Amino acid sequence: MSDPTLDETINELEALIETKREELQEVVGGRRPPPGVILPRLTERVDGIDPMLFRTLPTPAESTSSPTAGSSAKTSTTAMKFEPSIAKTYEPHAIERARYAAWEQAGHFKPSAGDARYCIMLPPPNVTGSLHMGHAFQDTLMDALIRYHRMQGHSTLWQCGTDHAGIATQMVVERQLGLKGQSRHDLGREKFIEAVWEWKSESGGTISQQLRRMGASMDWSRERFTMDPALSKAVTEVFVRLHEEGLIYRGKRLVNWDPVLNTAISDLEVVSQEEQGQIWHIRYPLENGTGHLVVATTRPETLLGDVAVAVHPEDERYRRIIGKYLKLPLCDRSIPVIADSYVDPAFGSGCLKITPAHDFNDYIVGERHSLPKINIFTDNAAINDNAPAAYRGLDRYAARKKIVADLEAQGLLARVDPHKLMVPRGDRSQAVIEPYLTDQWFVSIAPLAEPAIKCVEDGRIRFVPENWSKTYFEWMRNIDDWCISRQLWWGHRIPAWYDRSGNIYVGRTESEARAKAGLSLDVALTQDPDVLDTWFSSALWPFSTLGWPDKTPELATFYPTSVLVTGFDIIFFWVARMIMLGLKFMGEVPFREVYIHGLVRDAEGNKMSKSKGNILDPIDLIDGITLEPLVVKRTTGLMRPEDAAKIEVATRRQFPNGIPSYGTDALRFTFASMATQGRDVRFDLGRIDGYRNFCNKIWNATRFVLMMVGDNPLKGTPSVASYGLPERWIRHRLRSALGEVRDSFESYRFDLSAQAIYEFVWDEYCDWYIELAKVTLNDEQAPDEVKHATRHTLVEVLEFSLRMMHPLVPFISDEIWCKVAPLMGKRGNTVMLEPFPNVAEVAPDDAAARTLDWMKTVILGVRRIRAESNLEPSKRIPLKVHGGSTAERQALQALEGYIKQLARVEKIERIDEVDDPDATTALAGETTLLVPLLDLIDINVERERIGKELARMTQDLQRVQGKLATESFVAKAPPEIVDKERKRATDLGDQITRLTDQLARLQR
RNA sequence: GGGUGCUUAGCUCAGUCGGGAGAGCGUCGCCCUUACAAGGCGAAGGUCGUGGGUUCGAACCCCUCAGCACCCACCA
């Protein structure tokens, strides 16, 4: 907390919040604010710590509203007055934190006993990091899988932990030191590392706390850090073994050098971007004074390190000067003209300057021709002493300027053109990367890559979606050796020692290294100062976290893990390397499946980034945030402070009222519903809005059920005969929904799971079944037995649904389940350990489904007439029915009560002859529905409506008849398709006749 | 230069085996009907990017083109 700007920000925020709090007090008069009003809260996470997290946890008992002790459950129709033991409105905050704490305390996240195993490795987030939308998305999917499998009784482990993230963490701590005017060199290596550890222990837990807010059910008791002693031991072990096998070697190579961070980085950490630059055409005079060659370069300063000029061997223009010498401008050196087929004669002048120490291609050409390598840079990319005195000590860009000026002065600059080029930059520092000749450690990758390719080819690892394996193969088949040494202080120190003459000794410890080489103690050794690439330790994560190299029970139980859930951006960085090292050291793949999810973008499809100011903090979506703190948050700590004004305007426009509080479940459900197969997902606030409403719907449906049932357990299972059609129908629907949910979980289609749950709960259970149940329960004639069956079904289907939805919305489902399950006589105290429902537990009932679906068309038909004829919704209307199949007639009789209530029909009259000319019509199967027109109805409206429907049907019929008239269709299409079309034609013909008759009557 | 995706309603997206184009949000109309206005009921809205091919039949399979996005790569 030593950062003055952060302190300032926090003070500002606190002052602001205090003001808002006072304003709000005035508005709501000290009472609980109405829904939608955002309670200001301290958004202190600017500095990565959230002191509010878990500070004031209500006990589970306090978290729900007044208990109903003493109130006797009434189960008659007067039960409406009964106030159930569930809060009146859905308030996620009242339930989420307490529930999570209870789960964690009870140890529910730990693996249970059981033969079937399920394990996911959390991609360890950066210990310096805080939760962003990508994490939140990914964690939701993993948690859904974990909960789904845990509920199936599998011994389930979600292994969590954090990554030391070498460069990133070191940079954060160095920046903090910088604010105090210190550098890491002022502290020295040992003190600096101490400072990093200290910082880690203070700020490192942020993301773990935030993961808890997401409801992530990971086994915290097994939390690991890549620099834990045990994991460091694994790192050393792997390094030493690979070295012993000759798969790790040290060598002087051209590597990607970050001159700002002063370290080598791997190919993957270099990001090339197209930038506008220039290309300089420079004259290199022939030594014999007969002219000059023109070479083109985008980097004139590298001229100082040139050792040759190459031309294509078959280029007629230059054939006779191959082997002659050129005077290297500005330098007192001669360089040869060489022939190499690498040169493209068509590009520029067809002459290429060769600078082996500063260009990857030139390096290869240089090797081919045994040319010297002249390094002209220092570690900071300033000109070194290998260059002429005039340029020494100049930064690379200052040197460029001077060199260009000098060339021009000497008349050696032929031309300068604007030129677009790919500029390599370090992904962390954004510094322009130099190819630079240094001693580094490498992993010889080809022998590791081969089995790693094979295990995906033969299906031992499966990518989901499948096409990502192509990307994987593409990279693995063109992979280069991996540079693993970094010139940093924070990380795993390389277990190698040097004597005075530079001989290398590798061992698990210095004494082992000595012993292996038979060195006596009086030979002085110094350890390699470098550390390993962070991804080296990450690559071991699937087995190092389980105790490797020791043979632990966890390792035997959970390796190979079940699935890896991750983004495509780290397939190369991490996934591929885990596969290679997993196969190497465990002899088995690290995971069976790799589920690749999309990247979370903002609503416009832009990548979310701090510098764009379009970041959404998942915690803000859960808790809500008012506009002012949001603006402050988005504009604080920008890399380019000049963007602040723009970001502020955009933020104020997009969130004029801040962000409402949605709760974790709504956020999770949104993420699940966005998890389609595409490459990226856009996060739209409209979606989360809708899913918060869905949670509210579940809440209120439960309130209704509890009102209807009371709070005493239901006695006895109803007899089969007491189930009405609605009860049979909703079970049938539940069965299909359940099947879809299970299938989609198995195939990682979380979007389809979410959709199936949403549609079942809202469209089937709430909109239809509850309404139908009301009819039965309000019917004084209905036998108790039937009412009991109805109540039982209300509860049973709800309880099923809660188990079915739990993996996606753990908090609300658990909260409600604990209230609902006892009514079923269930004793568990959390739904997360209950069995995930099986399709086999619910029998299909096609007959009930067909009948109820027909009834729905009747009700929908009447409702449509009512709406389109502007009849008052509350007014009961008479309904006449004509015709209909035997089944329809029976159904009508059986379901009359439901139809009357749901369609708001006064009475239903069967007529043999359509005699009422002024009636409006709807069709339900073979039955014709007629609603007598009342005085106020405009007959023309009805004519128009029927006319439109007729037009649609006639068009349909024509298409169907056209099909049936095609001989080849009847001959070649499957018979069931032909039959279906025939039936359609008959039905349509019949309906058209009935509507035409009705239209004729109206026109009289 | 090589590779991979995407293009379906105003917006964001589903569409699995090739067989009557779907959802959410938004829009419009009516309703505070005793679980829920964070709600209920109803409605409008689509040449499935373009052009061709295969097929009895194409949003879906094949090819062409266009636009967009991403990944990889050493063209000075």
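A:SER520: away from RNA strand B (no atom under 14 Å from the Cβ), closer than 20 Å to A:GLU223 by Cα and among the polar types (S, T, N, Q), yes or no?
For A:SER520, the condition - away from RNA strand B (no atom under 14 Å from the Cβ), closer than 20 Å to A:GLU223 by Cα and among the polar types (S, T, N, Q) - is not met.
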Run A:LYS980 past the list (1) modelled with pLDDT of 85 or more; (2) within 11 Å of RNA strand B (Cβ to nearest atom); (3) surrounded by 14 or more Cβ atoms within 10 Å (Cβ to Cβ); (4) closer than 24 Å to A:SER885 by Cβ and report the number of the one that doesn't hold.
(3)
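So which of A:ARG703, A:ARG668, A:ARG735, A:ARG731 ends up being under 21 Å from the mean Cα position of the chain (by Cα) and of a type outside the set (Asp, Glu)?
When all the criteria are applied, what remains is A:ARG668.
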Residue by residue through region A:565-620, note down the ones that are aromatic (Phe, Trp, Tyr) and away from RNA strand B (no atom under 16 Å from the Cβ).
A:PHE585, A:PHE591
Kindly check whether there is at least one residue in region A:366-387 that is within 16 Å of RNA strand B (Cβ to nearest atom) and within 30 Å of A:GLU174 (Cα to Cα).
yes
Need pairs with beta-carbon distance below 6 Å; first residue at positive phi and within region A:705-726, second in a loop (DSSP other than H, G, I, E, B) and β-branched (Val, Ile, Thr); sequence gap 6+ or separate chains.
A:GLY710/A:THR75
Being closer than 30 Å to A:LEU802 by Cα and either more than 14 Å from RNA strand B (Cβ to nearest atom) or surrounded by fewer than 20 Cβ atoms within 10 Å (Cβ to Cβ) (or both) narrows it down to one of A:ILE625, A:ILE647, so name that one.
A:ILE625
Within the set of pairs 6+ apart or on separate chains, which have a first residue in region A:347-364 that is closer than 15 Å to A:THR298 by Cα and in contact (Cβ under 8 Å) with a residue 60 or more places away in the chain, a second that is small (Gly, Ala, Ser) and assigned to a strand (DSSP E or B), and C-beta atoms under 6 Å apart?
A:GLY348/A:ALA296
For A:SER444, indicate whether it is polar (S, T, N, Q) and under 30 Å from A:ALA381 (Cα atoms).
yes
Mind checking which strands (runs of 3 or more DSSP E) fall wholly inside region A:469-586 and carry at least 3 residues that are more than 23 Å from A:TRP257 (Cβ to Cβ) and out of contact with any Leu (no Cβ under 6 Å at 6 or more places or on another chain)?
A:561-567
What strands (runs of 3 or more DSSP E), lying completely within region A:297-407, carry at least 3 residues that are surrounded by 22 or more Cβ atoms within 10 Å (Cβ to Cβ) and in contact with a Cys (Cβ under 8 Å, 6 or more places away or on another chain)?
A:308-311
For region A:647-673, which residues satisfy the criterion of being out of contact with any helix residue (DSSP H, G or I) (no Cβ under 7 Å at 6 or more places or on another chain) and closer than 25 Å to A:ILE812 by Cβ?
A:PRO660
Checking A:GLU896 against (1) more than 40 Å from the chain's Cα centre (by Cα); (2) within 16 Å of RNA strand B (Cβ to nearest atom), the condition it does not meet:
(2)
Looking at region A:226-243, is at least one residue in contact with a helix residue (DSSP H, G or I) (Cβ under 6 Å, 6 or more places away or on another chain) and at positive phi?
no
If you scan region A:729-752, which residues turn out to be surrounded by 22 or more Cβ atoms within 10 Å (Cβ to Cβ) and among the charged types (D, E, K, R)?
A:ARG731, A:ARG733
Residues in region A:193-205: is at least one at positive phi, outside any helix (DSSP H, G or I) and free of Cβ contacts under 8 Å to residues at least 60 places away in the same chain?
no
For region A:463-478, give me each residue that is over 16 Å from A:GLN677 (Cα atoms) and touching a residue at least 40 places away in the same chain (Cβ under 8 Å).
A:TYR472, A:TRP475, A:MET476
Among the residues of region A:810-828, is any farther than 30 Å from A:SER155 by Cα and either more than 16 Å from RNA strand B (Cβ to nearest atom) or of a type in the set (Val, Ile, Thr) (or both)?
no
Which residue, of A:ILE730, A:ILE770, A:ILE757, is closer than 22 Å to A:GLY690 by Cα and touching a residue at least 60 places away in the same chain (Cβ under 8 Å)?
A:ILE770
Only one of A:LYS875, A:LYS880 that is within 13 Å of RNA strand B (Cβ to nearest atom) and over 43 Å from the mean Cα position of the chain (by Cα):
A:LYS875
Any helices (runs of 4 or more DSSP H) falling wholly within region A:711-787 and containing at least 2 residues that are within 23 Å of A:VAL809 (Cβ to Cβ) and either more than 13 Å from RNA strand B (Cβ to nearest atom) or not polar (S, T, N, Q) (or both)
A:725-746, A:750-758
Could you please tell me which pairs satisfy a Cβ distance under 8 Å, a separation of 6+ or placement on different chains, a first residue in region A:570-584 that is over 12 Å from A:ALA449 (Cα atoms), and a second residue that is assigned to a helix (DSSP H, G or I) and among the β-branched types (Val, Ile, Thr)?
A:ILE571/A:THR471
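The values are calculated or read from the model by the stated rules, or taken from the named source; none is laboratory data. Keep in mind it's a predicted model, so treat the numbers as computed, not measured. Glycine also receives a Cβ, built like all others from the backbone with ideal geometry; neighbour counts cover every protein chain displayed.
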